[in-house]
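Asker: Got a structure for you, questions after.
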Number of protein chains: 2
Amino acid sequence: MTDAPTPRRAPTMRDVADHASVSPMTVSRVLHDDPRVSGQTRERVLASVDALGYRRNEVARNLRLGHTSGLIGLVVTNLANPFYSQLALGVESVAGQNGLKVVLTNTDEDVGRERRLVEELTARRVDGMIVVPAGSDHSHLDPQTPGSVPVVLGARPPTNLALDCVLVDDFGGAREATAGLLAAGHTRVGFLGLPPSVWTSSERFRGFCVALEEAGVSLDERYVRLQQRTIPAAEEAARELLRVRRPPTALFCANSRNTLGAYRAATRLGVDVELAGFDDFELADVLGVPLIVAYDPRELGRRAAELLMERMSRTDTEPEVQPRRIVVPTTVVRYGNATR
Amino acid sequence: MTDAPTPRRAPTMRDVADHASVSPMTVSRVLHDDPRVSGQTRERVLASVDALGYRRNEVARNLRLGHTSGLIGLVVTNLANPFYSQLALGVESVAGQNGLKVVLTNTDEDVGRERRLVEELTARRVDGMIVVPAGSDHSHLDPQTPGSVPVVLGARPPTNLALDCVLVDDFGGAREATAGLLAAGHTRVGFLGLPPSVWTSSERFRGFCVALEEAGVSLDERYVRLQQRTIPAAEEAARELLRVRRPPTALFCANSRNTLGAYRAATRLGVDVELAGFDDFELADVLGVPLIVAYDPRELGRRAAELLMERMSRTDTEPEVQPRRIVVPTTVVRYGNATR
DNA sequence: CGCAAGTGAGGTATCGATAACATGCCTGTG
DNA sequence: CACAGGCATGTTATCGATACCTCACTTGCG
């Protein structure tokens with residue numbers, strides 16, 4: 001007497017219609033609160049909907065209605081990095097507020113994979129995409145391509161394309177923090193960073209160099225290391241810097257992994273070196289890293305999503321809008337030493 | 001002479017067919033590498049595909065082919081928590097390997113929101129879902145419901161439902177770490193945790209209590225605080241514990257926020273108290289927290305996704321499989337004090 | 001009492017892609 | 001020279017939902 005053991009297939013509108021002895025059209029009307037349905041019929045249909053556990057198939061619906069999937073794609077390079085998961089969080093929150101869902105994908109910094117993912121998301125007819133591009137070839141993101149969807153770039157600017165993007169003030173933050181070190185009297189300042197082929201890294205390095213220049217301090221290449229992607233690598237690089245003949249008395253670290261590596265190296269070598277670093281992280285205050293360039297990656301995600309929403313709502317008939325570039329500001333935080 | 005200024009609408013298969021002067025069917029065949037198409041026609045079709053920038057509409061395709069969207073839903077309670085972003089990472093990696101994409105949603109621990117999200121994802125016909133349930137009412141996840149999709153629960157077990165789930169060994173980890181503190185000679189051990197209404201918290205607390213019992217130490221409620229969800233709250237609670245008349249000489253912290261709060265309180269009060277905590281975190285070694293219950297949230301995500309893949313591939317005709325419960329083990333890590 | 005306006009519900013075509021079936025053409029062979 | 005058979009392509013129906021049009025029946029008013 002109970003239900004079938006395996007009620008697998010999802011009931012369709014036709015099932016409901018049959019069950020209520022009406023046409024599918026009437027079911028559709030009831031579900032749309034169309035006033036042209038009699039109260040009695042409405043009741044009967046709703047009862048059937050309930051009895052069968054019917055749920056409208058959004059896929060079919062969207063196909064029929066025009067091309068809107070209610071999904072936006074998010075393509076990031078490395079989800080393991082808290083920066084990107086925070087960014088995803090920001091995107092999700094704005095998308096959610098707008099009734100959209102986020103399809104999350106990870107490229108692992110692989111340009112080929114990125115290309116494929118963008119392709120697939122487009123084929124899936126997402127309503128828009130936020131992409132943190134892995135490389136500097138952005139040809140697959142060209143908004144001129146026929147079936148393309150609105151795209152906003154995150155954290156890195158477009159190359160040769162008219163795309164919106166949201167950036168961090170990498171240059172300004174690095175410059176200000178470096179200036180802070182110089183103002184404290186340091187003249188031998190080292191730099192730990194990522195390869196400058198990554199745009200953000202290059203900007204941070206540029207900020208560092210400009211700060212030196214403005215202070216009349218010349219850049220010493222022996223104090224520069226640009227290849228550390230992991231904490232252990234950063235620690236090793238910092239060790240090397242701290243063991244040259246006249247070692248730097250301060251280090252600017254271009255991201256949190258380099259900061260942590262430098263902190264470990266300094267702690268383990270028992271060397272007194274002042275640190276400044278890009279990216280805030282939990283416990284920065286406890287460790288007593290004096291200068292941290294802080295910003296909110298969630299804000300980056302939110303702004304990117306907002307920009308995308310705006311692009312998406314724009315109809316083709318409206319005048320073309322110039323691509324916009326939003327720069328999220330950074331704050332230099334001065335943490336006292338927790339141990340006093 | 002150049003392309004139209006706004007080449008908006010995505011070209012359809014019919015457009016390609018017209019452009020190549022063939023029927024849509026032929027285009028479909030070419031796209032499927034069907035050998036029954038002459039080389040010449042194939043060339044022509046491919047040229048048209050290229051010329052128009054055609055991309056197959058996956059939505060329409062999936063609708064026609066049967067009910068598989070190539071998407072799986074991920075519903076978590078709080079993406080801001082690194083635990084869940086790591087979990088998401090694990091899910092994404094396994095999904096990606098299986099050609100699936102992940103729709104990421106956040107409930108903010110709101111049961112109503114969770115209900116709605118599950119509903120929407122189902123309506124969207126995701127192929128499966130991984131859910132970290134916010135509350136203990138799981139009625140909306142009942143696999144008996146007609147149109148429901150396979151569900152795997154993450155981090156928390158199902159209530160009254162036959163659902164697969166992947167858990168952390170909360171009990172075992174807490175017990176082992178607490179036992180470690182007791183073995184080191186502590187008899188006054190405090191507990192900092194979350195409200196026991198959350199399953200994981202209650203399990204960790206249970207592990208703590210069992211360890212005490214096994215060591216013949218009686219539980220002192222004055223040493224227990226179960227309401228701290230943030231680092232500041234945890235710090236405050238720890239301060240209180242450390243200022244009672246005969247304060248605990250060791251603290252077991254049920255998650256990383258409590259551990260960090262306790263660490264801060266201890267540092268700032270200048271009190272010497274031994275810490276043990278659930279959840280590993282960056283710098284735990286540097287801080288010298290002696291005992292950390294570590295596990296990999298990504299592994300949790302991976303296992304959950306694997307379980308889901310298995311469920312999804314199961315056809316209705318195969319015999320029913322008992323719901324499975326996978327427990328991801330924890331490791332108690334002993335960090336020496338970094339400063340020696 | 002007759003006809004127009006109004007009301008509730010069904011029929012058909014469509015979104016884009018595709019499986020199953022159907023058709024037309026060319027070649028080979030008795 | 002006619003017809004069987006294979007090969008390349010076109011037609012039709014379908015997935016689930018819905019916009020638009022049509023139709024049957026009721027009601028109102030002159």
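Asker: Can you name every residue in segment B:93-113 that is touching a helix residue (DSSP H, G or I) at 6+ places or on another chain (Cβ under 8 Å) and either among the β-branched types (Val, Ile, Thr) or within 10 Å of another protein chain (Cβ to nearest Cβ) (or both)?
Answerer: Matches in segment B:93-113: B:93, B:94, B:95, B:101, B:102, B:103, B:104, B:105, B:106, B:107.
Asker: Given the criterion outside the structural domain of residue B:115 (by TED's automatic domain parsing), touching a residue at least 24 places away in the same chain (Cβ under 8 Å) and within 18 Å of residue B:81 (Cβ to Cβ), identify the matching residue among B:184, B:234, B:211, B:177. Lay out the reasoning, then the answer.
Answerer: Numbers: B:184 fails: within 18 Å of residue B:81 (Cβ to Cβ); B:211 fails: within 18 Å of residue B:81 (Cβ to Cβ); B:177 fails: within 18 Å of residue B:81 (Cβ to Cβ).
Going through B:184, B:234, B:211, B:177 in turn, the sole match is B:234.
Asker: For residue B:90, only one of the following conditions fails: (1) within 23 Å of residue A:76 (Cβ to Cβ); (2) within 13 Å of DNA strand C (Cβ to nearest atom); (3) among the small types (Gly, Ala, Ser). What is its number?
Answerer: It is condition (2) that residue B:90 fails.
Asker: Just to be sure I understand, how many residues within segment A:8-64 are within 9 Å of DNA strand D (Cβ to nearest atom), within 25 Å of residue B:68 (Cβ to Cβ) and hydrophobic (A, V, I, L, M, F, W, C)?
Answerer: 9
Asker: Tell me, please, whether a residue that is under 16 Å from residue A:87 (Cα atoms), surrounded by fewer than 21 Cβ atoms within 10 Å (Cβ to Cβ) and within 12 Å of the chain's Cα centre (by Cα) can be found in segment B:89-104.
Answerer: Scanning segment B:89-104, I find no residue that is under 16 Å from residue A:87 (Cα atoms), surrounded by fewer than 21 Cβ atoms within 10 Å (Cβ to Cβ) and within 12 Å of the chain's Cα centre (by Cα), so the answer is no.
Asker: Being under 41 Å from the mean Cα position of the chain (by Cα) and without any contact (Cβ under 8 Å) to a residue 24 or more places away in the chain is the filter; apply it to segment B:42-61 and report the residue that is farthest from the other protein chains (Cβ to nearest Cβ).
Answerer: Filtering segment B:42-61 for residues that are under 41 Å from the mean Cα position of the chain (by Cα) and without any contact (Cβ under 8 Å) to a residue 24 or more places away in the chain, the one farthest from the other protein chains (Cβ to nearest Cβ) comes out as B:50.
Asker: Also, quick follow-up: Go through (1) touching a Ser or Thr at 6+ places or on another chain (Cβ under 6 Å); (2) assigned to a loop (DSSP other than H, G, I, E, B); (3) more than 30 Å from residue B:282 (Cα to Cα) one by one and return the number of the condition residue B:109 breaks.
Answerer: (3)
Asker: Anything in segment B:59-69 that is buried (at least 18 other Cβ atoms within 10 Å of the Cβ) and out of contact with any Ser or Thr (no Cβ under 6 Å at 6 or more places or on another chain)? List them, or say none. First the steps, then the outcome.
Answerer: Taking segment B:59-69 as the starting set, the residues that turn out to be buried (at least 18 other Cβ atoms within 10 Å of the Cβ) are B:59, B:62-63, B:69.
Those that are buried (at least 18 other Cβ atoms within 10 Å of the Cβ) and out of contact with any Ser or Thr (no Cβ under 6 Å at 6 or more places or on another chain): B:59, B:63, B:69.
Asker: Still on this structure: Pick from A:153, A:182, A:167: which is out of contact with any helix residue (DSSP H, G or I) (no Cβ under 6 Å at 6 or more places or on another chain) and buried (at least 22 other Cβ atoms within 10 Å of the Cβ)?
Answerer: Working: A:182 fails: buried (at least 22 other Cβ atoms within 10 Å of the Cβ); A:167 fails: buried (at least 22 other Cβ atoms within 10 Å of the Cβ).
None of the other options fit; the residue is A:153.
Asker: Still on this structure, please answer the following. Could you pull out the residue among A:74, A:87 that is part of a helix (DSSP H, G or I) and more than 7 Å from chain B (Cβ to nearest Cβ)?
Answerer: Working: A:74 fails: part of a helix (DSSP H, G or I).
Selected residue: A:87, the only one of A:74, A:87 that is part of a helix (DSSP H, G or I) and more than 7 Å from chain B (Cβ to nearest Cβ).
Asker: Let me ask something additional. Restricting attention to segment B:1-9, does a residue exist that is at pLDDT 85 or above, more than 8 Å from DNA strand C (Cβ to nearest atom) and not charged (D, E, K, R)?
Answerer: So the first thing to find is which residues in segment B:1-9 are at pLDDT 85 or above, and the list is none.
Within segment B:1-9, none of the residues are at pLDDT 85 or above, more than 8 Å from DNA strand C (Cβ to nearest atom) and not charged (D, E, K, R).
Asker: Follow-up. Against the definition (in contact with a helix residue (DSSP H, G or I) (Cβ under 9 Å, 6 or more places away or on another chain), hydrophobic (A, V, I, L, M, F, W, C), over 18 Å from residue B:249 (Cβ atoms) and free of Cβ contacts under 8 Å to residues at least 60 places away in the same chain), how does residue B:266 come out, yes or no? Steps first, answer last, please.
Answerer: Details: in contact with a helix residue (DSSP H, G or I) (Cβ under 9 Å, 6 or more places away or on another chain): yes; hydrophobic (A, V, I, L, M, F, W, C): yes; over 18 Å from residue B:249 (Cβ atoms): no; free of Cβ contacts under 8 Å to residues at least 60 places away in the same chain: yes.
Considered against the rule, which asks whether it is in contact with a helix residue (DSSP H, G or I) (Cβ under 9 Å, 6 or more places away or on another chain), hydrophobic (A, V, I, L, M, F, W, C), over 18 Å from residue B:249 (Cβ atoms) and free of Cβ contacts under 8 Å to residues at least 60 places away in the same chain, residue B:266 comes out as no.
Asker: Kindly indicate whether any position in segment B:28-41 is touching a Ser or Thr at 6+ places or on another chain (Cβ under 9 Å), in contact (Cβ under 8 Å) with a residue 24 or more places away in the chain and more than 30 Å from residue B:278 (Cβ to Cβ).
Answerer: no
The values are calculated or read from the model by the stated rules, or taken from the named source; none is laboratory data. The structure displayed is predicted, hence computed values, not measured ones. Here Cβ is always computed from backbone atoms with ideal geometry, including for glycine, and neighbour counts include all displayed protein chains.
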